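Taking it in order: structure first as structure tokens, then the write-up.
The values are calculated or read from the model by the stated rules, or taken from the named source; none is laboratory data. Computed from a predicted model, the values in this text were never measured in an experiment. Don't worry about glycine lacking a Cβ; one is built from the backbone with ideal geometry, like all the others, and counts go over all protein chains shown. Protein only, heavy atoms only, side chains kept; ligands, DNA and RNA dropped before computing areas. Shrake-Rupley method; radii C 1.70, N 1.55, O 1.52, S 1.80 Å.
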Amino acid sequence: DALPQLESVPLLVITSQRDYARADGEKLFADKKGPRQFHVVAKAGHFDMYDLEPYVTEAVEQIRPFFQQNLRASASTS
């Protein structure tokens, strides 16, 4: 179990509404302490997230602000 060592590492979980592995992401998010964010792309399936629009764009739009907020915060505390 690596979660205790990763408490200060920001976690972004992006999953889709019909993802067969969504429960794994939900559990990871629920167990995580520290900075975290969870986003579900509505109407998308697991494989839709690989290369179908508008799902890919929606997922990517979550990444930049999350990293901007959390990586800067992490860098200033190290």
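Cβ-Cβ contacts under 6 Å between residues 6 or more apart (or on different chains), taken from a first residue in the stretch 7-18 that is modelled with pLDDT under 95 to a second residue that is part of a loop (DSSP other than H, G, I, E, B), are listed as GLU7/LYS33; GLU7/GLY34; SER8/GLY34; PRO10/PRO35; LEU11/LYS32.
Of the residues making up the stretch 65-78, those that are exposed (fewer than 11 other Cβ atoms within 10 Å of the Cβ) and at pLDDT below 90 are ARG72, ALA75, SER76, THR77, SER78. Annotation: of all residues in the stretch 1-35 being out of contact with any helix residue (DSSP H, G or I) (no Cβ under 6 Å at 6 or more places or on another chain) and part of a strand (DSSP E or B), the one that is nearest to GLN69 (Cα to Cα) is LEU11.
Yes or no, residue by residue, for (1) modelled with pLDDT under 95; (2) open to solvent by 80 Å² or more (accessible area, probe 1.4 Å):
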| position | (1), (2) |
| --- | --- |
| TYR20 | yes, yes |
| LYS27 | yes, yes |
| GLY34 | yes, no |
| GLN37 | no, no |
| VAL41 | no, no |
| HIS46 | yes, no |
| TYR50 | yes, yes |
| GLU53 | no, yes |
| GLU58 | no, no |
